[in-house]
Amino acid sequence: MSTVSEGGIVGEFLSLKSETDADVLTMQVGDFYEFFADDAELVGEVLDLNVSQKSSHGSSYPMAGVPLSELTPYLKQLVERGYRVAVADQHETENGHTREISRVVTPGTLLETTSADAQYLAGVVRVKDGYGLAFADVTTGRFLVTAISGPDADERALTELYRFAPAEVLPGPDVRNDDSFLERVRERTDASLSVHDANAFAPGKATHRTREQFGKETLASLGLDAGEGAEVRAAGAVLSYVEETGAGVLGSMTRLQSYRADDHVELDATTQRNLELTETMHGDRNGSLFDTLDHTKTSAGRRLLKEWLQRPRRSLDLLRERQSNVAAFAESALAREEIRESLSDAYDLERLASKAASGSADAHDLLRVRDSLAVLPTVADAIENAPSLTSSPLAELAARPDRERAVALRGELAEALADDPPNTVTQGGMFRRGYDEELDEIIDQHESNLEWFDTLAGREKSRTGIAHLQVDRNKTDGYYLQVGKSETGKVPEEYEAVKTLKNSERYVTEELREREREILRLEERRGEMEYELFQRLQARVADRAELLQDVGRTLAELDVLASLAVHAVENGWVRPELAESGLDIRQGRHPVVEQTTEFVPNDVRMDDDREFLIVTGPNMSGKSTYMRQVALITLLAQVGGFVPAREARVGLVDGIFTRVGALDELAQGRSTFMVEMQELSNILHSATEDSLVILDEVGRGTATYDGISIAWAATEYLHNEVRAKTLFATHYHELTTLADHLPRVENVHVSADERDGDVTFLRTVRDGPTNRSYGIHVADLAGVPVPVVERSRDVLDKLRKEKAIEAKGGGSNDPVQAVFDLGSGEFQRTGDDASEDVDAESDGGPELDPETEAVLDELAGMEVADISPIELMSKVQEWQKRLDGA
Ligand code: ADP
Ligand code: MG
């Protein structure tokens, strides 16, 4: 049919390509989607497709293609790698066909995702005093906006972006050229940055677009109708981008939600990473808090649980309601398990609503809608029938969606759809009898014609007396009568021979031909009718996108609440008492560590007189775990769930900030001292008296003198100015004296039991500072050679008793003295009168080989107070190597 010559295809491709700013174009050519030229090379490499050569107008072009039905998985792979892919479809016309780009699939508008995670497209607008952000998930129809203003607007906007982890970001005209901002977006998200028409961000146009989508009243009721609002500009741009890319899902974006940053507990990017909410520091999902807590039955539930963990709340009412629901589920195991069992029959209704809205659902999808809608009354009844659930807010939650409409739509789908429909929507067989009169009539006629053929052989046999007569149908010949060779003499004269086979002859008759034409006509008509009916049914479902989303959200929420209850029951967690301030955790545990370790429970108590805890204790005694446990219990309380403790009272916080010293992070291949200090500065700026601050060995990434000075000053500032609830683990024992000087600072230590030089960590946190340093013990554990460990103990003893150490075997016998003077807050080094027989030990000790001796000399001669822990570590490694060789 094509009027375009073969060679012209590449020309057509290249001209379509020049119309789009997508990275890759694929063009339908008959039954295939083809890629040509550079795009073919690219997909050859990225998708491992076969690339062949196509000659066109004397030149040769690379070409690659996939069958029509297989485009989706390839599209998905390309888009997930960050490419924006334009799809040009072929349309039949009177005189041939035309091709045009029907959609551009981008990372933020990909409908065909198979991941259960939310997939956000974000719009970012910067105004004088802050930012407007819009987040749309085309796969579920979720649409959220927020405005961020104030002194740290930059940082907080980036935090929100990190939290939503968008797949694609549309920077507005004001941030488009801010390289440092864009760089930070790239650092914190995996998003593709896409340039969208600057006009779409203009206040007038964007407001119009947003009103059109969500209604004028919605904007007014959310207070977004001012016209200049940055969030409306971001929203308008996102909407127009979704429209322009042609995903066709605008219909599923039914509701505009506006949130304020102070609805949620602030969790900056570093904190989310440190607390290992959704993945561990090593990037594994296993071992994250989410992974530990997740007992959900549905993918929508999983998505919502993740959202809850990443967005803990600050409203007492809301949290108490969630708690009551978790408690109710925790107490009624039987009903809970029954409900979870039903939930496992539910599919992802939010996703299905988007699919229907975009017109890409098939009959199986609508059956999934039918089955998922059926879950609502089942679980609602189960809640009604369980006395302890009925009296909880669960009953209200289950009653939230319009149950009558859900049942009605379910009934409609059940009446319409056959139980085993075909996989394509152009094939007949999708509908039940009785659904549509006209369709039934066609089916009846079709069937009576089929019946006529089915019985034809019998009728002909008795009429003609031919014993071996069959009626059959194949692709090339259509229907035919087949008669064995021996009986061809008996065929009546109206039989018209069409084909001779080895043992038989095939015939047709005029009537047979007519019946056949009738059957083909009816089949075609049936296909058309069913396709039309299906589109109508799909549109009815799409019209109820909001209902589907309501039911989907409710089921997801029940799933999450039940999942939290399951975890609480299985692990002996308790319902925390929520308070305005303070913190009192009895026998608390770390929610993740307790899964794999015989955990030693700990207490923590903080209140107005006890706001700042300095946590000391040996290396590996559990300081970091203890502090994270406090942060996680606080977070879990503000998710609305139970917590790992025997008893807990948790004061609500407005933000959780954590910082782990550069040394600890360095071990994991990240971060520098510079980053450590930047983040410390961010905490000192952002934390308020309602925040929880966790500092773990901050200041450790630099030489002792600097480090302790920074730690000292930060403590004073947090205590005096910010007044945040703070836990600070430090190996600078000097800091513990601060408790004597500052009223709200208290010391706690992780206790260790020492007998015969062997240390057993009790991991019980007690009041008061620790009095020992166990670095040497850890060196011992790490396999540092015995003579070195022994000599180190010696050196430490002398340092401790006399604050002086001699340089054994060094050029000078003058002892070096290091004293930390708390009065002046400075170190002083002197070389005064300490005296000791420097050779006494090596004289009386065992004979050592020269290399060991040399290492010991170096150790003894070292000015420990002057060296950073990082240098020290590499020194120890070097010594180990040398001693191994000795
Ligand atoms: P620190 O920060 O004091 O060096 P960590 O918090 O890193 O120590 O803990 C060291 C090890 O001890 C970790 O493997 C941790 O899982 C384990 N641990 C910490 N606290 C406890 C506890 N209360 N009960 C059992 N094991 C613990
Ligand atoms: Mg630690």
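Each value in this text was obtained by applying a stated rule to the coordinates, not by laboratory testing. Note that the structure is a prediction, hence the values are computed from the model and not measured. Methodologically, a virtual Cβ is constructed for each residue, glycine included, from the backbone with ideal geometry; neighbour enumeration extends over all protein chains shown.
Segment 234-284: percent of C-alpha pairs farther apart than 15 Å? Tail fraction, whole percent: 66.
Of the options A88, S60, A165, report the single residue whose Cα projects farthest towards the positive end of the charge dipole of segment 41-172 (beta-carbon charges: Lys, Arg +1; Asp, Glu -1). The one lying farthest along the dipole's positive direction is A165.
Going by a ≥ b ≥ c, the root eigenvalues of the Cα gyration tensor, does segment 364-486 fall in the rounded group (a/c under 1.5), the prolate group (a/b larger than b/c) or the oblate group?
On the way: a/c = 4.28, a/b = 4.05, b/c = 1.06.
Prolate, because a/c is 1.5 or more and a/b exceeds b/c.
Neighbour counting of Cβ atoms within 10 Å sorts the residues M27, M529, M606, fewest neighbours leading, into M529, M606, M27. When the pairs K306/K623; K128/K725; K128/K205 are compared against a 21 Å limit on Cα-Cα distance, K306/K623; K128/K725 fall above it. Taking amide hydrogens as placed 1.01 Å from N in the peptide plane, the amide H of K499 sits under 5 Å from those of R506, each at least 5 positions away in sequence or on another chain. Quick check on my link table: of K76/K355; K216/K355; K461/K485; K461/K490, which ones sit more than 18 Å apart, alpha carbon to alpha carbon? Pairs exceeding 18 Å: K216/K355.
Given R₀ = 35 Å, FRET efficiency for D444-E384 by Cβ-Cβ distance, to 0.05? Walk me through the numbers before you get to the answer.
Values: r = 44 Å, r/R0 = 1.26.
Efficiency, rounded to the nearest 0.05: 0.20.
Find how much the distance from L318 to D190 grows on full extension, using 0.36 nm per residue of separation minus their present alpha carbon separation; answer in nm with one decimal. Write out the running numbers ahead of the final one.
Details: separation 128, 0.36 × 128 = 46.08 nm, distance 3.20 nm.
Contour length minus the Cα-Cα distance gives 42.9 nm.
At a 10 Å Cβ-Cβ cut-off, how would you order D39, D608, D472, fewest neighbours first? Spell out each step's value before the answer.
Values: D39 25, D608 10, D472 13.
Ascending number of Cβ neighbours within 10 Å: D608, D472, D39.
Please report the net charge: other residues with Cβ closer than 12 Å to the Cβ of R285, K and R +1, D and E -1. Intermediate values should be presented prior to the final figure.
Numbers: positive: R302, K306; negative: D117, E276, E279, D284, D291, D294.
Its environment carries a net charge of -4.
Rounded to whole numbers, the Karplus 3J(HN,Hα) couplings from phi for segment 431-441 are 10, 6, 5, x, 7, 9, 4, 5, 4, 4, 4 Hz, using 6.51 cos²θ - 1.76 cosθ + 1.60 with θ = phi - 60°, and x at Gly and Pro. As a rough guide to protection, the peptides 494-507, 407-420 ranked by mean Cβ packing within 10 Å, highest first, stand as 407-420, 494-507.
When only alpha carbons of segment 87-243 are considered, Rg and Dmax amount to 16.8, 64 Å.
I want to verify the translational diffusion coefficient of segment 542-638 in µm²/s; compute it with Stokes-Einstein, Rh as the Kirkwood radius over Cα pairs, at 10 °C and 1.306 mPa s. Numbers along the way, then the final one.
Details: Rh = 16.2 Å.
Approximately 98 µm²/s, per Stokes-Einstein.
Near D38, once Lys and Arg are set to +1 and Asp and Glu to -1 for all other residues with Cβ below 14 Å from its Cβ, the sum equals -3. Projected label points at R517 and E415, each 7 Å from Cα along the beta carbon direction, are separated by 3.8 nanometres. The peptide list 476-482, 436-442, put in order of mean Cβ contacts within 10 Å with the highest first, becomes 476-482, 436-442. Around the amide H of K54, modelled in the peptide plane, lie the amide H atoms of Y61, M63, all under 5 Å away and 5 or more residues distant in sequence or on another chain. Each of the peptides 571-582, 448-459, 338-349 was scored by the mean count of other Cβ atoms within 10 Å over its residues; in descending order, highest first, they stand as 338-349, 571-582, 448-459.
Based on alpha-carbon atoms only, what is the radius of gyration of segment 1-129 relative to the globular estimate 2.2 N^0.38 Å? Please report the intermediate quantities before stating the final value.
Values: Rg = 16.4 Å, N = 129, 2.2 N^0.38 = 13.9 Å.
Dividing the Cα Rg of segment 1-129 by 2.2 N^0.38 Å gives 1.18.
Of the GluC sites (Glu not before Pro) in segment 86-135, which ones lie in a loop per DSSP and count no more than 16 other C-beta atoms within 10 Å?
Details: sites: E92, E94, E100, E112; in loops: E94, E112.
Passing sites in segment 86-135 are E94, E112.
Computed from point charges on the beta carbon alone (+1 for Lys and Arg, -1 for Asp and Glu), the dipole magnitude for segment 1-98 about its Cα centre is near 120 Debye.
Of E41, E34, how do they rank once you tally other Cβ atoms within 10 Å and put the fewest first?
Numbers: E41 15, E34 21.
Least crowded to most crowded, the residues run E41, E34.
Within the straight-line cut-off of under 19 Å between alpha carbons, the aspartates and glutamates reachable from K17 are E6, E34, D38, D39, E41, D89, E100, D197, E244, sequence neighbours fewer than 8 places apart in one chain being disregarded.
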